[in-house]
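Below is one structure, written out as structure tokens; the observations come after it.
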Amino acid sequence: MIIWLASYPKSGNTWLRMFLKSYFQRSDTKFELNKKFDDDFKSGGFPDVQILRDLKIDYNKFPEIAKNWETVQDYINLNNRTNYLKTHSSMCTVGPYKFTTLKNTKGGIYLVRDPRDVLISYAHHIGEDYETTFELITSSAYYETYPLPLENSQFKKSLLGSWADHYNSWKSYKSSRILIIKYEDMVSNKYDSFHKIIKYLSEIDKTEINEEKLIKALKQTEFEELQKMERQHGFREKLKGDLFFRKGKTGEWKNELPEDLARKIEKIFHNEMIELGYL
């Protein structure tokens, strides 16, 4: 069964996955940033190009991907394990096809971040200016694309929609229990936020709550530690910019984001930002 690790881009998803990898790995295993997830923590991305290829699904056409969401999730769940899947997809419906159903989903952790900071971090990540990135995160028709250099094409991976579309879609999903965590709380109160995550997993998946492992995982995945490892060994998920783990701070928008863009975001996403305490 699937436990989703979901978020809009640049909202702490990779940090969460690194923490869980550290928490679940055996005590005699060295934590490495670029080491693939193993049997201690079955994790992957969704949708995954290789699985789509294996199942002979035409991944160059997004409607075909959406049509086969259930088929792919059935395939992933054949291992009879808990599968932690990272996704930036909204909890959407395309025609008659739902992103997921209770048959395949056990639960999910949804991370949300102040959209003003998302804009800054995402712009650096994709190598675009702030105006262009603003247009992306406020568009209800925004798709996440991923380059496939060997095929000289762009894989239209997920339907994100706007930042607010995305948040509301996961917040309103009632078929399975979704835990919502604010990125700002992960930064300001690491222990309580990550303890809440492990407690949630213990309730839906019987994960052991182990204080020693929790403290160790928090230390191993301190932002500065992840940044140090990336400087030494690189990071396979980096697209553009100097570092994937760039700053990891909150409130960066106050010093970096043009005031007119900040006001536009606050107007467009007013209700959600009020609800989450960002205004």
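Taking amide H as placed 1.01 Å from N in the peptide plane, Leu5 has its amide H under 5 Å from the amide H of Leu85, Lys86, Thr87, Ile109, each at least 5 places away in sequence or on another chain. Note on the stretch 71-114: percent of Cα-Cα distances in each 5 Å bin, starting at 0 and stopping at the bin with the largest distance, equals 5, 15, 29, 26, 15, 7, 2, 0. Counting only DSSP beta bridges whose two residues both lie in the stretch 78-214, roughly 60 percent are antiparallel. Put simply, the amide H of Lys156, placed in the peptide plane, has neighbours under 5 Å in Tyr146, leaving out anything fewer than 5 places away on its chain.
Amide hydrogen proximity for Arg113: with H placed 1.01 Å from N in the peptide plane, the residues at 5 or more positions away or on another chain lying under 5 Å are Tyr183. The Cβ shell under 11 Å around Asn168 holds other residues with a net charge of -2, Lys and Arg each +1, Asp and Glu each -1.
Rule-based calculations on the coordinates, nothing more; no lab input. Since the structure is predicted, the reported quantities are computational estimates derived from the model, not experimental observations. Heads up, the Cβs are rebuilt from the backbone with ideal geometry, glycines too, and the neighbour counts pull from every protein chain shown.
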